[in-house]
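Worksheet: one structure, shown below.
Coordinate-derived values only; no laboratory data. Predicted model, so just to flag it, every value in this text is computed and none were measured. Every residue, glycine as well, gets a Cβ built from its backbone with ideal geometry; the counts of neighbours run over all protein chains shown.
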Amino acid sequence: MAESPYNPFSRWIWPIMLVVTIFNASGQSEVAAPGIINIDKIGHFGVFGLLGILIARTQSRRRWWLGFVLASLYGICDEWRQSFTPGRSVEFADWVADTLGAALAVTLYSRWSFFRETLEIKIGPSRVRSVAKADE
């Protein structure tokens with residue numbers, strides 16, 4: 001991922017926003033979820049997969065594995081934090097879902113160029129101008 005010319009830390013905005021969102025959601029006493037058994041594991045898998053990719057995007061190619069490691073560590077911290085929230089409990093299976101989601105997502109991101117290129121499509125005025133010039 002290219003560095004922002006404005007602020008070298010700007011690439012961390014999205015991972016931090018997701019961490020804050022997870023932090024707020026896991027601090028709720030009651031979670032609104034359908035009555036399907038273990039449906040929350042799918043949520044854990046997807047959200048922590050996204051977190052793994054967002055963290056991996058902040059790193060050089062040689063350090064993409066940090067996306068997996070940091071997402072998994074945050075999963076442990078999140079489960080531990082839930083032990084202090086009334087109505088919530090620590091579930092080892094939640095952390096496993098967090099870790100597997102991050103592992104699969106970061107592996108796909110690092111090994112499958114089509115997946116990575118799809119996520120890196122630039123949308124905005126600069127993309128529109130380059131497409132318009134190509135049509136001329």
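Segment 13-76: D in µm²/s via Stokes-Einstein (Kirkwood Rh, Cα pairs, 10 °C, 1.306 mPa s)?
Taking Rh from Cα pairs, D becomes 125 µm²/s.
Go ahead and collect, in residue order, the members of segment 71-113 whose backbone nitrogen is under 20 Å from a label point 7 Å along the Cα-Cβ direction of Trp12.
71-78
Could you please report the charge total around Ala93, scoring K, R as +1 and D, E as -1 over all other residues with beta-carbon less than 12 angstrom from its beta-carbon?
Neighbourhood net charge equals -4.
Extending each Cα 7 Å along its Cβ direction at Gln59 and Ser26, get the distance between those two points in nm, one decimal.
Here the modelled spin labels are 1.9 nm apart.
Cut-off is 10 Å between beta-carbons; in what order do Glu120, Glu91 appear when sorted fewest neighbours first?
By the 10 Å Cβ count, ascending, the order reads Glu120, Glu91.
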